[in-house]
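So the structure is just underneath, and the comments pick up after that.
The values are calculated or read from the model by the stated rules, or taken from the named source; none is laboratory data. Note that the coordinates shown come from a computational prediction; the quantities given were computed from them, not determined experimentally. Ideal geometry is used to build each Cβ from the backbone, glycine not excepted, and the neighbour counts take in all protein chains shown.
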Amino acid sequence: MYLLSDYSYDLPQGKIAQTPCKNRSESKLLHIKRDSGILTHLQFKNLTDLLRKDDLLVINNTRVIPARLFGTKASGGRVEILIIDYAAGLKSLEKKGFFQCDCLIRASRKPKKGARIVFEAGTEAEVVEEKESISEVRFFCPDGFLWFLNRFGETPLPPYIKREEKNEQMNDRTTYQTVYAFSEGAVAAPTAGLHFTEELMDKLMAKGIEFAPLTLHVGYGTFVPVKTEDIRQHQIHAEYFSLSKEIADKINDARQSNRRIVAVGTTSVRVLEFVSDEKGKVNAGTGMCNLFIYPGYRFKCVDAVITNFHLPESTLLMLVSAFYDREKILAAYKEAIKTDYRFFSYGDAMLIE
């Protein structure tokens, strides 16, 4: 269970969702009961019947920023830039008056340190440092960087979504965002949350189910493939998280009352387990989460997980395999493929309890 190949499976290209479900809550839901192994095919809106009236749903309220920018090198040639450390950029903006952060740069010839890049609206940038595959870039914006980003930036869709973005780009700003997105800073959406609508959330709350928001800014590292043959040697990416004392107390009170903690998405799982002590009590705080969960891990806080279907050989597939069982998860994936589920970010979901 520690070999990378143990998490491989065959997925037809046609099963990778390229667009979202027209009605978020009508996406498919594969319900898995861990105690019996029974699989049930439902719709996401059936959560109102599946969840218990006193469940606490922990959600990730991060908001995806329009982090993809296109410009031109001063020497000529098109450049694509992906902002990957938005929080650091905001800090530099507050202290120094310019936006400077780590970025990924794609060009026919990658610009070197000192290179200038020109964008629309009189905005320019300079590569101030190179760190292996990452470049530190300083942006100079006469009308303010946040105005520029929201005016000209594009939603950074995952690499497996291959379609003409121009026709869908403005829609992606809405559809590649949870309805409860609040805290700006992610370059990828916490996709399990994409299935919720305000109407569904109202129905769940009317039943007595509560929501507890935390923040984990999903980084580009979520798409970085595992390259080590032994997965235990993989160094997972670290991502900024924040859990307030108010929400930590809410989670701890729920656990003391024997209420279930249902994590919406693998990002919520990672934060909850990262801040939990051995008895499952969570501690408020902010920082960088670098917890890598794979089979053999003992869960301390999370009782049930709502998640999407993940890429082969990904750390996310390893996490859900740890929560249930690797062979049974792969069998469930095989069943989902056979019954025409849609996979990955804009795809369908599962509830594992």
Residue count, segment 324-353 (criterion: assigned to a helix (DSSP H, G or I) and within 18 Å of the chain's Cα centre (by Cα)):
0
State whether the residues of segment 293-304 include one that is assigned by TED's automatic domain parsing to the domain that holds PHE44 and under 24 Å from PRO159 (Cβ atoms).
yes
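For every residue, the table says whether it meets (1) in contact with an Asp or Glu (Cβ under 8 Å, 6 or more places away or on another chain); (2) not charged (D, E, K, R).
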site	(1), (2)
ILE65	yes, yes
ARG68	yes, no
LYS73	no, no
ARG78	no, no
ASP85	yes, no
LEU104	no, yes
LYS110	no, no
ARG116	yes, no
GLU136	yes, no
The conditions are (1) surrounded by fewer than 17 Cβ atoms within 10 Å (Cβ to Cβ); (2) at pLDDT 90 or above, and GLN177 fails exactly one of them. Which is it?
(1)
Among the residues of segment 105-163, write down those that are outside any loop (DSSP other than H, G, I, E, B), more than 22 Å from VAL64 (Cα to Cα) and at pLDDT below 90.
ALA121, GLY122, LYS131
For the subset of segment 77-104 comprising residues that are in a loop (DSSP other than H, G, I, E, B) and hydrophobic (A, V, I, L, M, F, W, C), which member is surrounded by the fewest Cβ atoms within 10 Å (Cβ to Cβ)?
PHE98
Within the bounds of segment 115-125, is there any residue that is within 25 Å of the chain's Cα centre (by Cα), outside the structural domain of GLU239 (by TED's automatic domain parsing) and closer than 23 Å to HIS217 by Cβ?
no
Condition (residue is closer than 26 Å to GLU184 by Cβ, crowded, with 18+ Cβ neighbours inside 10 Å and either aromatic (Phe, Trp, Tyr) or not assigned by TED's automatic domain parsing to the domain that holds ASP85 (or both)) applied to segment 224-235: is it met by at least one residue?
no
Can you name the number of the only condition in (1) within 25 Å of GLN177 (Cα to Cα); (2) crowded, with 17+ Cβ neighbours inside 10 Å; (3) among the charged types (D, E, K, R) that ARG255 fails?
(1)
For segment 241-290, the count of residues that are under 14 Å from HIS217 (Cα atoms) and assigned to a loop (DSSP other than H, G, I, E, B) equals 2
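If you go through segment 280-312 one residue at a time, how many are of a type in the set (Val, Ile, Thr) and under 17 Å from ASP325 (Cβ atoms)?
So the answer is 4.
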Please work out if THR222 is β-branched (Val, Ile, Thr), within 20 Å of the chain's Cα centre (by Cα), part of a strand (DSSP E or B) and over 18 Å from LEU50 (Cβ atoms).
no
